[in-house]
Amino acid sequence: MDKERAVFGGGVAVITGAASGIGEGLARHAAALGMKVVLADIAVERMEGVVAGIRAAGGEAMAVPTDVTDAAAIDRLAAITHETWGDVRLLMNNAGVETLGFVWEMSAATWDKTLAININAMVHGVRAFAPRMIAAGKPAFIANTSSIGGLSTMPVQTSYIMSKHAVLAFSECLSLEMQVKKAPIQVSAILPGPVATRIFEDSKPGTDPMVAHHREAMRAMLAESGISGLEAAQRILRQVAAGEFWVSTHPEITAEFARQRAAHLSGLNKPQLAAETLALLGAH
Ligand SMILES: NC(=O)c1ccc[n+]([C@@H]2O[C@H](COP(=O)([O-])OP(=O)(O)OC[C@H]3O[C@@H](n4cnc5c(N)ncnc54)[C@H](O)[C@@H]3O)[C@@H](O)[C@H]2O)c1
C-alpha cells in the first residue's frame, strides 16, 4: 500500500459509476490512500451514502450527480472538479451497464444508451479532463474500464462485448497519443474478472428464454464467486500505481482469455459456439 499511497496520496481522483460495485470500491480505496475523491453517478442517493461513509472514515469526497450519457454533464463535472480541488491525478472512466438481448430485438433507444454509457462516456471523459491534465504537466493517470469480455465474444451480450472491445482499442490509441505528445499521462485499461456487484441485477432479463437464462446464470455466478468491489479496487489501484497498461482483477483468467483470443485471431478462425456458451444460454 506504501507505493500506492506515494503515487496517489494528496491527489484528486474522479470516478464515474462510483455509487456501486467496483466504482464504489475505487472511491473508498482511493480515499483510504489519501486522495480527494470526486464521485460521479446518476444514482444520487446511493452516491451520497458512499460519500458519507468515506467522510465518516476520515476521508475527503464529494458527489457530483452526473449522467455520463450527457457530454455537457461530463464537461460540468470537469469544471466543478477543477474549481473545487484543482488538478486531477486519477481519472477512472468506470461507469458501465450490461444490456442483454439478441441484436435485432433490442430497441434503438436501448442500443444508443448502452453505447453512450459504455463507449461514448469514455471519449467524453478524456475530452473533458485530458486538456487540463496535460496542461498541468504533472504525472497523472487515466484508467478506462473494459472487461475480460473485451478479450472474448458472447451471444446476447453483444452490445456489452462490442463496447468493451472498443474500450481496449480506445485505450491503446489514447496511450499512443499521450506518448506522441510526450504527455506525462499514463493510460490503463482495466479488465475486471468476476466481481460481485449489481451489474446483472440492474440488467433487464427480457422475454427470450435464452436471454433470461443467460442473465440468471451470470447473476448467480457473480454473486457466488465474484470478489468484492473493494477487493477489486485494491487490486486495480495497485497495478495502476505500478504503471501497468493491462490491469486485471484476476490475472490467470485474463491471461487465458488473451491466449484464446490471440489463437483465434492468428488462426483467422470462424466464430464457433462452445459447449460452455450453449450451457450459459440453457441451449444444447
Ligand atoms: N462486475 C463485474 O464482474 C465486471 C466485470 C468486468 C467489467 N466490469 C465493468 O466494471 C464497471 C463497473 O461495473 P460494476 O460491476 O461495478 O457495476 P454496478 O452496476 O455495480 O455499478 C455501475 C455504476 O454505474 C452507474 N451508472 C449507470 N449508468 C450511468 C450513467 N448514465 N451515468 C452515470 N453513472 C451511471 C450505476 O448507477 C452504478 O452505480 C463497468 O464498466 C463494468 O462493465 C464489471
*Taking into account only those residues within the range 168-195 that are closer than 22 Å to Leu222 by Cα and in contact (Cβ under 8 Å) with a residue 60 or more places away in the chain, which is surrounded by the fewest Cβ atoms within 10 Å (Cβ to Cβ)?*
Gly193
*Quick check: anything in the range 107-114 crowded, with 19+ Cβ neighbours inside 10 Å and not hydroxyl-bearing (Ser, Thr, Tyr)?*
no
*asked:* Against the condition within 23 Å of Arg198 (Cα to Cα) and more than 13 Å from the chain's Cα centre (by Cα), how does Leu151 come out, does it pass?
replied: yes
_Anything in the range 30-49 that is out of contact with any Gly (no Cβ under 9 Å at 6 or more places or on another chain) and under 17 Å from Ala143 (Cα atoms)? List them, or say none._
Val38
_Positions within the range 204-262 being β-branched (Val, Ile, Thr), closer than 22 Å to Ser20 by Cβ and in contact with a Ser or Thr (Cβ under 9 Å, 6 or more places away or on another chain), in sequence order_ = Ile227, Ile236, Val240, Val247
*Of these, Val88, Val97, which one is of a type in the set (Val, Ile, Thr), more than 10 Å from the ligand (Cβ to nearest atom) and in contact (Cβ under 8 Å) with a residue 24 or more places away in the chain?*
Val88
*Selected residue (only one of Thr110, Thr81 is part of a helix (DSSP H, G or I), touching a residue at least 60 places away in the same chain (Cβ under 8 Å) and either of a type outside the set (A, V, I, L, M, F, W, C) or more than 11 Å from the ligand (Cβ to nearest atom) (or both))*: Thr81
*Would you say Gly226 is out of contact with any helix residue (DSSP H, G or I) (no Cβ under 7 Å at 6 or more places or on another chain), of a type in the set (Gly, Ala, Ser) and surrounded by 20 or more Cβ atoms within 10 Å (Cβ to Cβ)?*
yes
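Okay, residues lined up against (1) free of Cβ contacts under 8 Å to residues at least 24 places away in the same chain; (2) more than 7 Å from the ligand (Cβ to nearest atom); (3) part of a strand (DSSP E or B); (4) crowded, with 24+ Cβ neighbours inside 10 Å:
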| site | (1), (2), (3), (4) |
| --- | --- |
| Ile15 | no, yes, yes, yes |
| Ala19 | no, no, no, yes |
| Ile22 | no, no, no, yes |
| Gly25 | no, yes, no, yes |
| Leu39 | no, yes, yes, yes |
| Glu48 | yes, yes, no, no |
| Arg55 | yes, yes, no, no |
| Asp67 | no, no, no, no |
| Arg76 | yes, yes, no, no |
*Of Ala71, Ala61, Ala30, which residue is crowded, with 18+ Cβ neighbours inside 10 Å and either within 13 Å of the ligand (Cβ to nearest atom) or under 17 Å from the mean Cα position of the chain (by Cα) (or both)?*
Ala30
*Being farther than 20 Å from Thr158 by Cα, aromatic (Phe, Trp, Tyr) and either surrounded by fewer than 16 Cβ atoms within 10 Å (Cβ to Cβ) or in contact with a helix residue (DSSP H, G or I) (Cβ under 9 Å, 6 or more places away or on another chain) (or both), is that true of even one residue in the range 245-262?*
yes
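No value in this document is a laboratory result; all are computed from the given coordinates. Because the structure is predicted, anything quoted here is derived from the model rather than measured. Cβ coordinates were reconstructed from backbone atoms using ideal geometry, including for glycine residues, and neighbour counts include every protein chain displayed.
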